[in-house]
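The values are calculated or read from the model by the stated rules, or taken from the named source; none is laboratory data. None of these values were measured; they are calculated from a predicted model. FYI the Cβ positions are ideal-geometry reconstructions off the backbone, even for glycines, and counts take in every protein chain you see. What goes into the accessible areas is simple: the full protein's heavy atoms, side chains included, and nothing from ligands, DNA or RNA. Shrake-Rupley method; radii C 1.70, N 1.55, O 1.52, S 1.80 Å.
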Amino acid sequence: MSEPLVRLENVRFAYGERAILRDISLSIPRGKVVAIMGGSGCGKTTLLRLIGGQEKARSGRVLVDGQDVARLGRDDLYAMRRRMGMLFQFGALFTDMSVFDNVAFPLREHTELSPELINDLVLMKLHAVGLRGAAKLMPAELSGGMARRVALARTIALDPMLLMYDEPFTGLDPISLGVIGQLIRRLNDALGASSVIVTHDIQESLQIVDYIYFISEGRVVAEGTPDDIRNTSDPFVHQFVHAEADGPVPFHYPAGDYATALTGGAA
Amino acid sequence: MLGVLRKLGALAINGVWRLGFITRFFWMVLLYSGQSFTRLHLTIRELYFSGVMSLLIILVSGLFVGLVLGLQGYETLQRYGASDSLGTLVALSLVRELGPVVAGLLFASRAGSAVTAEIGLMKVTEQLKAMDMMAVSPIARVVAPRFWGGVISMPLLAALFSAMGVFGGWLIGVVAIGVDDGAFWAQMQAAVDFRYDVINGVIKSCVFGVAVALIAVFEGYDCVPTAEGVSRAITRTVVSSALAILALDFVMTSFMFRG
C-alpha cells in the first residue's frame, strides 16, 4: 500500500514549441484526495490528460498503478481507463441520452450485466449523488450543478480506482459547490479510490483534500497539507490563498513600455 | 514571386497532408466498423436520421426534376417528331446522371451537414473525449455508425429520386401533354438496359454515398472545437461533398459510358 497510485517523475510536456510542463514530479497516494492548484492555463488540465494517457509526456514518466501510461498499447490503455474515472469541467454528458442512459453507458459498454441489474446499479449511483428522481430528464433540462452530479454518477459507474476532476467547482453557486465538494470526499472514501482534483478554488479545496500541490510556470512551486498551506510564508501560495491581484504572479501580461505604446510606438 | 511560390507550395503540401489524413481516418473507420453491425441498433438509428429524415426533400425534388425533364424533353423531342421517346429520355437522364448526382447533392446538404454538426458539437462539449476516457472508442461508437448510415441510405435515396422523377416525367408527358402512354413505357423499357444503365447508376450512388458520408464524419471529427470551427466544418462538408460528387461523376461517367 505504500507505493502511491499515481507518480509523475520529471515530466516535461509542450504543445509544439510552447512549453506547458517543465519539470513536474508529484505523487498521489492510495486512498487520498490530492488537489493540484495553479492559475488558469498553467498546465493543470494537461496533467490529467497525461495521467489518462490522452497525451504523452516529452520526457519523464507517468506511472499509474506501477505501469508507465505512455508505453501502454491501445488495448492496455483502454483496460487501464476502465479503472479510471474523469469528470470533465462541464460534465460532458451525452446530450442525446437521458440521465439514466448516461449513467448506464459505461455499464452497457463494458459489462454483460442484465438490464435489471444495470437498472439497479444506475439507480444506486444516481441515489449516491442525490439525483435518483432526475433519471428520466434529458441533460438539457439540468442545471449546471445537477449536470455535474450526473456526470459524477457516470464517472463512478464502474467503481474506478482513480477519480480525476477537471475544475469541478467552476461556475457553481455556493450550495452546489459545497455539495460537489462533499461528494468528492465521500465517494473517494466509500469507493476506497484515490482522487486528483485540478482546480483553482482554494477555499473549497482546503476543506476536503489531504494534500495540495501548487503549480506555476510548469513547475511544482509549493506543496503541503491544508494546514501547511494556510500557514505558509511562501509568497506565491500567499498570493493565491488570499487572492491578491499582484505579487509573484504579475497582474500584467508581459508587454512593452506603456508610455511608448500610448504615444504611438510599437507595442 | 517567391512569396507566391511559397504560398502555392504550402497550399499543395496542406492539401496532400489533408488527403493523407482523411485516408488514414477512412481506414480507422473501416477498422472500427465491427460494432456498427454487431450492435445494429446503433446503425439503424443513423439510417433513420440520415435516410428516413431525408425522404421528403428527396421525393419532392425528384418529382420536380421529373416534371421539368418532361416539359423540356417534350419541347425538344417534338421538333424532331420523336415525342414518343420522352420516356427514354427521362429515364436515361435520371438513372444514369441526375438521380445519383442530384440526390447526392441534396443528401450532402440535408444529412451530411447534420452529421458534421452533430459530431462537431459532441467534440466541442468534450463528449468525444469523455467517451475516449471511458475506454469507449468514439470512432467505433459515434463515427462508424453514422458513416454506414450514410453509405446505406444514399443508393436507396438515389433510386427513389429516379423513380419519383420518372413518375414526374410521366405526369407531364402522358397525363398533361398527351404523349402515348404505351409508347412512353415501351420505349423506355426497350432503351434502358439493366446492367449498362441501372447498375452503373447504382454504382455511382454508392460511390457518392461513401464520399459524402466520409467527408461528413471527417469534417465533424476534425473540426476546431469552437462555435466558429463547427460552422466552418459544416460549410466545408457541403462544399467538398458537392465538388467530390461532381468530379467523381465525371471520372465514373468517362469510364462507364463511352458509347
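Which fully enclosed helices (runs of 4 or more DSSP H) of region B:50-118 have 1 or more residues being open to solvent by 70 Å² or more (accessible area, probe 1.4 Å)?
Filter on region B:50-118 gives B:55-77.
Looking only at region B:72-91, decide whether some residue is more than 14 Å from every other protein chain (Cβ to nearest Cβ) and in contact with a Cys (Cβ under 6 Å, 6 or more places away or on another chain).
Among the residues of region B:72-91, not one is more than 14 Å from every other protein chain (Cβ to nearest Cβ) and in contact with a Cys (Cβ under 6 Å, 6 or more places away or on another chain), which makes the answer no.
Any idea which of B:Ala130, B:Ala135, B:Ala183, B:Ala140 is more than 14 Å from chain A (Cβ to nearest Cβ) and either outside any helix (DSSP H, G or I) or farther than 22 Å from B:Arg236 by Cβ (or both)?
Unique residue meeting the criteria: B:Ala183.
Condition first: surrounded by fewer than 15 Cβ atoms within 10 Å (Cβ to Cβ) and of a type in the set (Lys, Arg). Can you find one or more residues in region A:64-81 that meet it?
Scanning region A:64-81, I find at least one residue that is surrounded by fewer than 15 Cβ atoms within 10 Å (Cβ to Cβ) and of a type in the set (Lys, Arg), so the answer is yes.
Out of region B:96-138, which residues are of a type in the set (Val, Ile, Thr) and modelled with pLDDT of 95 or more?
Of everything in region B:96-138, those that are of a type in the set (Val, Ile, Thr) and modelled with pLDDT of 95 or more turn out to be B:Val101, B:Val102, B:Val115, B:Thr116, B:Ile119.
Just checking, which of B:Phe49, B:Phe64, B:Phe21 is modelled with pLDDT of 95 or more and among the aromatic types (Phe, Trp, Tyr)?
B:Phe64
Is it true that some residue in region A:163-174 is buried (at least 17 other Cβ atoms within 10 Å of the Cβ), of a type in the set (Asp, Glu) and touching a Ser or Thr at 6+ places or on another chain (Cβ under 7 Å)?
yes
Sort through A:Ser40, A:Ser98, A:Ser59 and tell me the only one that's hydroxyl-bearing (Ser, Thr, Tyr) and modelled with pLDDT of 90 or more.
The unique qualifying residue is A:Ser98.
With B:Val251, B:Val239, B:Val210, B:Val175 as the choices, which residue is in contact with a helix residue (DSSP H, G or I) (Cβ under 8 Å, 6 or more places away or on another chain) and of a type outside the set (D, E, K, R)?
Matching residue, one of B:Val251, B:Val239, B:Val210, B:Val175: B:Val210.
Test of understanding: among A:Val237, A:Val220, A:Val198, which residue is touching a Lys or Arg at 6+ places or on another chain (Cβ under 6 Å) and either open to solvent by less than 60 Å² (accessible area, probe 1.4 Å) or assigned to a strand (DSSP E or B) (or both)?
A:Val198
How many of the residues in region B:217-259 are among the hydrophobic types (A, V, I, L, M, F, W, C), over 16 Å from the mean Cα position of the chain (by Cα) and in a helix (DSSP H, G or I)?
Count: 5.
I'm trying to understand the selection: among the residues of region A:207-217, which are surrounded by fewer than 17 Cβ atoms within 10 Å (Cβ to Cβ) and touching a helix residue (DSSP H, G or I) at 6+ places or on another chain (Cβ under 9 Å)?
Passing the criteria: only A:Gln207.
Filter region A:93-121 down to the residues that are over 15 Å from A:Ala153 (Cα atoms) and surrounded by 15 or more Cβ atoms within 10 Å (Cβ to Cβ), then identify the one that is nearest to the other protein chains (Cβ to nearest Cβ).
A:Glu109
For region B:1-30, how many residues are touching a residue at least 60 places away in the same chain (Cβ under 8 Å) and out of contact with any helix residue (DSSP H, G or I) (no Cβ under 7 Å at 6 or more places or on another chain)?
Residues flagged as touching a residue at least 60 places away in the same chain (Cβ under 8 Å) and out of contact with any helix residue (DSSP H, G or I) (no Cβ under 7 Å at 6 or more places or on another chain) within region B:1-30 amount to 1.
What strands (runs of 3 or more DSSP E) lie completely within region A:25-92 and have 2 or more residues being facing chain B (nearest Cβ under 9 Å)?
Once the strands (runs of 3 or more DSSP E) in region A:25-92 are filtered for at least 2 residues that are facing chain B (nearest Cβ under 9 Å), what remains is A:84-87.
Output yes when any residue across region B:102-116 is in contact (Cβ under 8 Å) with a residue 40 or more places away in the chain, within 14 Å of another protein chain (Cβ to nearest Cβ) and not small (Gly, Ala, Ser), and no when none is.
yes
Just to be sure, is B:Ala190 open to solvent by less than 70 Å² (accessible area, probe 1.4 Å), assigned to a helix (DSSP H, G or I) and of a type in the set (Gly, Ala, Ser)?
no
Considering only region B:155-172, I want to know if a residue exists there that is surrounded by 21 or more Cβ atoms within 10 Å (Cβ to Cβ), within 20 Å of B:Ser36 (Cα to Cα) and more than 12 Å from every other protein chain (Cβ to nearest Cβ).
Yes, some residue in region B:155-172 is surrounded by 21 or more Cβ atoms within 10 Å (Cβ to Cβ), within 20 Å of B:Ser36 (Cα to Cα) and more than 12 Å from every other protein chain (Cβ to nearest Cβ).
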